[in-house]
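Below: one structure, written as structure tokens.
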Amino acid sequence: MSHMIKVVLVAVACTATACSPYVYKDEINSFASGVDNLSDAVKAGTKGVAEDHQSLQRLKWAKSRAMIALTIACSPGEQPAQNTGARAAESVCTIHEAAKPVPKRTAIETKAGVLVKGLQEYAAALAAVTNAADRQALDDAASSLGQSISTIVTAVGADTGSAGAVGDLVAFGLGTALDFERFRVLRKRTAEAQAPLSELGKRLGTALDAIRDARVAELAEVAQMMATSLQAMPDQASYAERLAALQATTVAIQALRVSNPINAAQDMVKAHDKLVTALADEKRQVAAVGAAIKEFVEKAKALRAAMTAGTTS
Amino acid sequence: MTITFAEFGAFCFGVVIGWFVYFTNRYRKGEAQFSDITTLVGIIGGGALTALFGDPKTSSLFPAYCIGLAAGFFGYFVTLVVMVSKSKGAFTWSWFLDGRRRKPGEDEEILPDTRVTTAPMALQLGLGRRVSALEQGHVRMAAIANAPLAFESPIPPTPSPTDEALRVVDQAKLAVEGALRELMERIGQTTDPVKAEKLRDAYSETREVYMDLLQLQLKIVDDSPEVQAALAKLKVATDALKDEAARMKEAADAIATAAKVAALIAKVVGFLAPFI
């Protein structure tokens, strides 16, 4: 009887591996890291635009030797008024040119972070379903249960061989049933997510492209101001320092110009499409999925690096 | 036939286990869960314990336990039948089939924290029973529907309002980008400082316009109904995947609990075995 049970186990295993959710574990983890890179690119890009904007403002004030004042929010004990609209910037302690409106803290505002957060949560949920660590925990628990049952049966003098084999079969059956259910849900939900992810990828690409263009525009004028101010540097050391900063700024501009946020977002969509196709295909297409995801991850990393770069001296 | 004290004890033990198994099945939520395995451990453990007190092949303790198990299990059901028959019409036989009952009267209420039964009898098949072939067909059809067309469609799809708005902004951006390029070129070619300063001021003003267009582009994307709808649909898939990921952990926890119970029983059995 034990031999029969072992044969059944092997036969079921051969069928079960075709429906294992763990086959694409590494690819899905890479996909999740690519989405994280896009999220970092959004954060770095919007932060970079804000910093570039402030840097440009400082250069303009330095050039004109403007008279600078503090906002009323800098006063001790003063409760900042909940200003809205054009006066919202006065609610925080900052500097501004005297007798002129307080400049906006950021050059652009966007909710792309919310959009990419939805994608991150989805990618994390995919990674959780294909996580093999909890499967190992289940196997360990089932093994412990099987041993305990064998001990009980041994103590009452029954056939331990059959008890052990039955225990193994129950443990294997439970794990395989859960794996099959996981694969089924993974296949179904990725197919459902295909259309919304495609839409979000398209819009995220547009948003990242706009953020990239904003950074280039701000840095271009910063570089203009630096170039203009070179002749006014008091000494050679200051001139060299300003020149080095100018060159670093042009390098950052070039890195941003050659990055392609729309392509990075499109590659994310393509990689997900490959995954959906592979899950629906009985033959499995691990190599195709891996290649598509690798391309997406590389572009996302490059975009993140471009958005993070840039001097704002 | 006389019944010994030991047999009566084994019978009562079985009644308790059987009653409890029916009780657990009656109050479990929805689909059968892997945590129900703990009730099986109770049944198996009970049987093993009776085997301690006599040779299972010749002693009548195990049969008495089994009879008690059946008596307890079906006794619960019989009790429900008796209570339904004496409910003065509040419950009828149809309650056993699909749980329907009459609404409580005006002077009656069911407190909100009352435990809800999922089924008075029979197994809950729930929504977990699906036809695999139909599901696979759904998945394949979804993949085909989302795949690019193999031929050029003669009629281009109508652009959405969002796409149309973004197209208009893109055209405006192209125009401003052209102006910025020209200004930068003229700044680089002039040696007159006054003229250069005026060109830089013009560049700065044009850049402000460009930034306004970029902000408009971002706002169109942020507020587009397509993005909101897509986020909502993606969240549904995300939540379903999270629930599925949690099931494996719940199953592992349930089995670990069952293993602890079984280990405890094994210790008791191991302790008592030398004395039998």
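The values are calculated or read from the model by the stated rules, or taken from the named source; none is laboratory data. A quick note: this is a predicted structure, and the numbers were derived from the prediction, not measured. Because the Cβ atoms are built from the backbone with ideal geometry, glycine has one as well, and the counts that use them run over all protein chains shown. The area values use the complete protein model at the heavy-atom level, side chains included, leaving out ligands, DNA and RNA. Shrake-Rupley method; radii C 1.70, N 1.55, O 1.52, S 1.80 Å.
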Checklist entry - Tell me, in nm to one decimal, what length is gained between B:A70 and B:E208 on full extension, where the rule is 0.36 nm per residue of separation less the Cα-Cα distance? => result 41.3 nm
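Sum up the charges of everything whose Cβ sits under 9 Å from the Cβ of A:A207, counting Lys and Arg as +1 and Asp and Glu as -1, but leave A:A207 out.
That sum, taken over residues with Cβ under 9 Å, equals 0.
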Checklist entry - If one takes the accessible area of chain B alone plus chain A alone and subtracts that of the pair, with a 1.4 Å probe, what total in Å², rounded to the nearest 100, results? => result 5900
Checklist entry - Could you name the aspartates and glutamates in cross-link range of A:K301, using Cα to Cα under 14 Å and dropping any fewer than eight places away on the same chain? => result A:D36, A:D40, A:D267
Checklist outcome for this item: Scoring only Lys, Arg, Asp and Glu (+1, +1, -1, -1) among other residues with Cβ under 15 Å from the Cβ of B:T190 yields -1
Checklist entry - Which of the lysines could a cross-linker span from A:K60 if the Cα-Cα distance has to be under 22 Å and same-chain partners fewer than 8 positions apart are dropped? => result A:K47, A:K100, A:K104, B:K195, B:K198
Item to check | Violating pairs (Cα-Cα greater than 20 angstrom) within the set A:K43/B:K173; A:K202/A:K274; B:K219/B:K242 | outcome: A:K43/B:K173; B:K219/B:K242
Next on the checklist: Given the options B:A240, B:I187, B:I220, identify the residue whose Cα lies farthest towards the positive end of the charge dipole of the range B:168-245 (+1 on Cβ of Lys, Arg; -1 on Cβ of Asp, Glu).
Outcome noted: B:I187
Next on the checklist: Can you give the local net charge around A:A141? Use residues other than it whose beta-carbon is closer than 12 angstrom to its beta-carbon, Lys and Arg +1, Asp and Glu -1.
Outcome noted: -2
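Fully extended, how many nm does the chain gain between B:A6 and B:D243 (0.36 nm per residue separation, minus their Cα-Cα distance)?
80.5 nm
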Item to check | the range B:1-18 versus the range B:225-276: alpha-carbon centroid distance in Å | outcome: 35
Checklist entry - What nm value, rounded to one decimal, do you get for the distance between B:T114 and A:A99 when each label is placed 7 Å out toward the C-beta? => result 7.9
Checklist entry - Taking a ≥ b ≥ c as the square roots of the eigenvalues of the Cα gyration tensor of the range B:222-276, is the shape rounded (a/c under 1.5), prolate (a/b larger than b/c) or oblate? => result prolate
Checklist entry - Given labels modelled 7 Å from the Cα in the Cβ direction, how far is it in nm from A:I72 to B:L264? => result 6.9
Checklist entry - Separation between the A:A237 and B:K86 pseudo-spin-labels, each 7 Å from Cα along Cα→Cβ, expressed in nm? => result 10.2
